[in-house]
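S.K.: Got a structure for you, questions after.
The values are calculated or read from the model by the stated rules, or taken from the named source; none is laboratory data. If you're wondering where the values come from, they're calculated on a predicted model, not measured in any experiment. Note that we place each Cβ from the backbone using ideal geometry, even for glycine, and neighbour counts take in every protein chain shown.
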């Protein structure tokens, strides 16, 4: 994200939408992976959350190989997994103070709620 895309430490709405569109592409790739490979559910995958100092997003096979993923990797995996089960879900980039994080929004309208993929991985959240 460029300096112009941030104002007073906060990301602009356009920059957040751009990140969400890019993450949607990772979700689409992961959806194809889930349709063609035998992959354990994220909660059972024996991977850990590890924040990354670089912004190299990983597909499900890359997360499995590394044994870890950052919040974007885990959110894209969880979103694809939920969609494969027929649940309406999308990735949302959320401003948390001066930091950005990713959540998976499940449902829509007044029934929508956010899931932190790290909490999901740790078994703190269930549908």
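S.K.: Could you check the range 46-57 and list, in sequence order, the residues that are crowded, with 18+ Cβ neighbours inside 10 Å and either at pLDDT 95 or above or more than 14 Å from the chain's Cα centre (by Cα) (or both)?
M.R.: Within the range 46-57, just 47 meets the criteria.
S.K.: Anything in the range 1-40 that is loosely packed, with under 14 Cβ neighbours inside 10 Å, modelled with pLDDT of 90 or more and assigned to a loop (DSSP other than H, G, I, E, B)? List them, or say none.
M.R.: Selection gives 37, 38, 40.
S.K.: I've got another one for you. For the subset of the range 63-92 comprising residues that are free of Cβ contacts under 8 Å to residues at least 24 places away in the same chain and in contact with a strand residue (DSSP E or B) (Cβ under 8 Å, 6 or more places away or on another chain), which member is farthest from residue 118 (Cα to Cα)?
M.R.: 88
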